[in-house]
Each structure stands twice: as structure tokens, then as C-alpha cells.
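Working notes, structure below.
We did not get these values from a lab; they are worked out from the coordinates using the rules stated. Treat the numbers as computed from the prediction; the structure is a model and nothing was measured. Because the Cβ atoms are built from the backbone with ideal geometry, glycine has one as well, and the counts that use them run over all protein chains shown.
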Amino acid sequence: MKAPIAFLPGPLTTDALWEPVIRRLDGRIEPWIADLTADDSIAAMAARVLTDAPWERFALAGHSLGGYVAFEIMRRAPERIERLALIDTQARADTLEAIDRRRALIELAQAGRFQEVAERLIPVVFDSVEVVDPTLVALHRDMARTVGAEAFLRQQRAILERIDSRPTLPTIRCPTLVLCGAHDLLTPLDRHEEMAAAIPGAKLVAVPSAGHFSPLERPYEVGFALANWLDA
């Protein structure tokens, strides 16, 4: 029987973020990719996922913004989640530096310079050590264009207003995978170590030669970790 998994994308990403990993899990899962572009709060995004998900109980994998939504889902309806994967995300609210960076991107989009947003993000979403595959950079730009400026602004408002999820981490009781690219600059490894230490029984995986977009940069390794998570 295939495992039902709801995949929650990060900001400015589309189904393309998850497709390489889903291909590597072919035959094992029944995937569904949520839409996190229509709402401007984490609460509304979580409510939409719980309403639209095609199953009563399912596994949940959230990347970046998707992780923030996953925390809210765990607070609202933990009985519906069979297992949880937190990928390149964090439980903390933004630092002042991150808030300033986010507001600068918002100002660009509001000034009609949305095309510059994706360009500014390239150095921080990909592995800063390895040479970035130009096809991945092109895909990043395509995903940003598909999401568009208005949805980007909604996502950023939701992220800025999110709560600190650390207090509720010890209440998570389902099998949990905490995974990140070893060179993630936006949500570094220490944030994932913090989450894994606070969630009972959580497993931590750091993917070598990957940054914030580990599902795109290293889909084989991420798929392998998800397969082990399904078997846990």
C-alpha cells in the first residue's frame, strides 16, 4: 500500500521543488502537493491544507515555509498526521537580520522590481561551497515567475508574523525526520539540531553538498532519507 504524503513547498517554489524527490520514491508513496500561495497567514495556510488534503490521515513533509505551516498543523490536528518531515526550516521566529533581509525583498517586489528578488536569493538558497548547476538556477527563476509578486508578498507577510514554535516541539509524538542541507545559509544546521533535540525520538540528517534547496540539489539523498523515514 502506498503511503499518503502531503508535501508543503517553501516560498517562491512550485511543485517542481518536490518532483525530483517524488520520482525517487515512485511506487512507494501517494503524493499530494499543497498550494501555499493563496493565503497571507500561517494559520490560513494550515487550515487550507487540512481542508484540501485528500486523506484523513497522512504523512507531512514541509520545506522552509512549509515547515512553518507543518508546525501549525501539528498544533491544530496532530491526530491526522502519521509522521512528520521538517526540511530546511526552523522552529524559531526570524532574527532581526533575517527580518531586514525579508523586508528588503518585499520593498523590491512592491517597487515593481520583483524579477530582482529571485536574483538576490540565488547566493543563499543554493550550496555556497559547490558550483551551482545552472539548470537549477534557471528552475529557481522559473518557479519565482510562476509564483509571482502578489503571492510572494502574501507568503512573506505570513512568515514575518509567524510565532515561535519551539515551545510545542516536545508535544510532537509521531515519527519525525529533521533534514537540512549541510550548507543551508537561511536555516542553518544548528536550527535543525535544536529541533531534533526537542522533538522526542526525532532523527537528524544533514545532506552533504546541499544548501537551502536540498530537495532540488540532492534529491537522491533526500529521497533516501524520506524512504528510511517511511520505514521507521
Q.
Shape verdict for the chain, please, from the Cα gyration tensor: rounded (a/c under 1.5), prolate (a/b greater than b/c) or oblate.
A. rounded
(Q) Compute, for the stretch 7-49, the length of the dipole vector about the Cα centre, with Cβ point charges of +1 (Lys, Arg) and -1 (Asp, Glu) only. Units Debye, rounded to 20. (A) 200
Q: Starting from the Cα of ARG166, move 7 Å in the Cα-to-Cβ direction to define the label point; list residues of the stretch 80-96 whose amide nitrogen is under 12 Å from there.
A: 91-95
Q) For the modelled label position 7 Å from the Cα of LYS203 along Cα-to-Cβ, which residues of the stretch 214-232 have backbone nitrogen atoms closer than 14 Å? A) 221-232
Q.
Can you tell me which of ALA16, ALA196, ALA138 moves the most in a GNM of the chain? Springs connect C-alpha atoms under 10 Å apart.
A. ALA138
Q: For the chain, set up a Gaussian network in which alpha carbons nearer than 10 Å are linked by springs, and say which option among ASP94, ASP190, ASP133 fluctuates the most.
A: ASP133
Q. For the stretch 104-232, rounded, prolate or oblate, judged on the Cα gyration tensor with a ≥ b ≥ c (square roots of eigenvalues), a/c < 1.5 rounded, else prolate if a/b > b/c?
A. oblate
Q.
Could you tell me which residue out of VAL117, LEU185, VAL222 lies farthest along the dipole of the chain toward its positive end? Charges go on the beta carbon: Lys and Arg +1, Asp and Glu -1, centred on the Cα centre.
A. VAL222
Q: With springs connecting C-alpha atoms under 10 Å apart, model the chain as a Gaussian network and identify which of PHE152, PHE126, PHE114 has the largest mean-square fluctuation.
A: PHE114
Q: Taking 7 Å along the Cα-to-C-beta vector as the label spot, tell me the ASP190-ASP231 distance in nanometres, rounded to one decimal.
A: 3.4
Q. In nm, to one decimal, how far is the ASP15 label point from the ARG120 one, both placed 7 Å along Cα→Cβ?
A. 3.1
Q: Report the calculated FRET efficiency for ALA98 and ASP26 (r = Cβ-Cβ distance, R0 = 35 Å), to the nearest 0.05.
A: 0.45
**Q.** Cα shape, the stretch 1-84, gyration tensor, a/c 1.5 rule
**A.** oblate
Q.
Let me spell out the model: positive unit charges on the Cβ of Lys and Arg, negative unit charges on the Cβ of Asp and Glu, origin at the Cα centre of the stretch 58-166. What dipole size does that give, in debye rounded to 20?
A. 400
**Q.** Charge dipole (debye, nearest 20) of the chain; +1 at Cβ of Lys and Arg, -1 at Cβ of Asp and Glu
**A.** 440
